[in-house]
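Student: Quick one: the structure is below, questions incoming.
The values are calculated or read from the model by the stated rules, or taken from the named source; none is laboratory data. What you see is a predicted model, and the numbers here were worked out from it, not measured in a lab. Cβ sites come from the backbone with ideal geometry, for glycine too, and all protein chains shown count toward neighbours. The protein model used for the area step is the full one, side chains on, heavy atoms only, and it has no ligands, DNA or RNA in it. Shrake-Rupley method; radii C 1.70, N 1.55, O 1.52, S 1.80 Å.
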Amino acid sequence: MRVENSFIGVDGVGEQTERSIWEQGVTHWDEFEPGVVGGKRGDRIDQFIAEGREYLDAADVAYFDRQFPSSEQWRLYETFDDRACFFDIETTGLDERRNQVTTVSLHQAGETETLVAGDDLTAGNLRAAFADADLLVTFNGKRFDVPFLEANFDIDLQRPHLDLMYTCKKIGLSGGLKQVEKDIGIERDRPDISGQDAVRLWREHERGQDGSLETLISYNREDTVNLRTLADEVTAQLDEQVFI
């Protein structure tokens with residue numbers, strides 16, 4: 001579903017009203033006339049569409065993020081997936097105040113890069129990597145990845161953010177990323193590696209063990225690239241459930 005199919009961003013338009021509009025055959029902004037709803041609500045929708053076209057032309061993801069209910073953030077994805085940054089971090093523990101970020105992998109515009117602690121993982125490089133990211137896509141990133149990066153590197157990642165952990169729950173998928181991937185049929189090159197192994201691999205790297213860092217990077221990059229596949233699949237399923 002694209003944002004142009006949505007009317008739920010208008011004050012006073014909930015799921016029931018939006019579905020009523022769709023059921024009248026009006027499934028796109030181009031098809032809307034105020035008389036479909038009538039009264040002030042129809043005028044508000046008409047005004048929203050006029051404003052929305054301008055923000056859409058400017059690729060202003062933040063505007064639609066503000067307009068849509070938080071539970072409907074997934075609707076941003078199809079329209080703005082080309083401006084999305086899929087990212088995942090590995091750390092030495094769960095406390096952003098005491099533990100270290102070891103690797104950060106980012107997948108955007110078809111390319112994947114990994115920044116490594118002690119090498120190129122710096123605040124400046126992170127700011128540069130996120131500079132063109134208008135939509136963040138993570139799994140549990142709102143509670144984990146973003147707070148960790150902001151605390152460790154003093155960077156600001158407050159922007160539209162599709163956290164797939166919550167999106168997955170809307171279609172009955174729960175558990176961690178590996179479990180969700182398994183449930184929808186995403187296969188991994190190294191399904192035997194877990195988050196705990198990522199900590200071990202970093203410690204081994206610090207002790208100079210050959211191959212540990214390469215394995216950690218591969219694991220982190222696979223997490224990140226798989227987020228795109230997961231986002232495509234989950235939003236497609238929601239589209240089938242919600243949109244006529």
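Student: Using +1 at the C-beta of Lys and Arg and -1 at the C-beta of Asp and Glu, which of Ala133, Met165, Ser212 has the Cα lying farthest in the positive direction of the dipole of the chain?
Tutor: Met165
Student: Related question: Provide the gained length on full extension for the span Thr17 to Arg203, in nm with one decimal, where the gain is 0.36 nm per separating residue minus the Cα-Cα distance.
Tutor: On the way: separation 186, 0.36 × 186 = 66.96 nm, distance 5.52 nm.
Stretched out fully, the Thr17 to Arg203 stretch lengthens by 61.4 nm.
Student: To continue, here is another question. Note down the magnitude of the dipole of segment 100-244 about its Cα centre, charges +1 on Lys and Arg C-beta and -1 on Asp and Glu C-beta and zero elsewhere, to the nearest 20 debye.
Tutor: Roughly 480 debye for segment 100-244.
Student: Hey, if we sort Asp156, Asp163 by accessible area with the 1.4 Å probe, largest down, what's the order? Kindly include the intermediate steps, with their values, before the conclusion.
Tutor: Numbers: Asp156 100, Asp163 5 Å².
Final ranking, largest accessible area leading: Asp156, Asp163.
Student: Give the angle, between 0 and 90 degrees and rounded to the nearest 10, that separates the Cα long axis of helix 195-206 from the longest principal axis of the Cα atoms of the chain.
Tutor: 40 degrees
Student: For segment 136-203, what's the relative contact order in percent, using C-alpha pairs closer than 8 Å and at least 6 residues apart?
Tutor: 28 percent
Student: Starting from 0.36 nm per residue, how many nanometres of slack lie between Asp189 and Ser218 once their C-alpha separation is accounted for?
Tutor: Working: separation 29, 0.36 × 29 = 10.44 nm, distance 0.93 nm.
Gain in length upon complete extension: 9.5 nm.
Student: A follow-up question, please. How large is the accessible surface per residue of the chain, computed with a 1.4 Å probe and reported in Å² as a whole number?
Tutor: Value returned for the chain: 49 Å² of accessible area per residue.
Student: Shifting gears a bit: Just the number, please: carbon plus sulfur as a percent of the accessible area of segment 25-168, 1.4 Å probe, no ligands or DNA/RNA counted.
Tutor: Working: 2710 of 6570 Å².
Its accessible area is 41 percent carbon and sulfur atoms.
Student: To the nearest 20 debye, what charge dipole does the chain have about its Cα centre, counting +1 at the Cβ of each Lys and Arg and -1 at the Cβ of each Asp and Glu?
Tutor: Details: 26 positive and 50 negative charges, 166 e Å.
Here the chain has a charge dipole of around 800 debye.
Student: Also, I was wondering about something else. Farthest toward the dipole's positive end in the chain, which of Val13, Ala151, Thr114, given Cβ charges of +1 (Lys, Arg) and -1 (Asp, Glu) about the Cα centre?
Tutor: After comparing all options, I get Ala151.
Student: Give the distance, in whole Å, between the Cα centre of segment 1-20 and the Cα centre of segment 114-156.
Tutor: Here the answer is 33 Å between Cα centres.
Student: May I pose another question? So for the chain, what are the equivalent ellipsoid semi-axes in whole Å, largest first, each being the square root of 5 times an eigenvalue of the Cα gyration tensor?
Tutor: Working from the Cα gyration tensor, I get semi-axes of 39, 19, 13 Å.
Student: Need one number: the % of Cα-Cα pairs in segment 1-117 sitting beyond the 20 Å mark.
Tutor: Details: 3626 of 6786 pairs.
Every Cα pair in segment 1-117 considered, those over 20 Å come to 53 percent.
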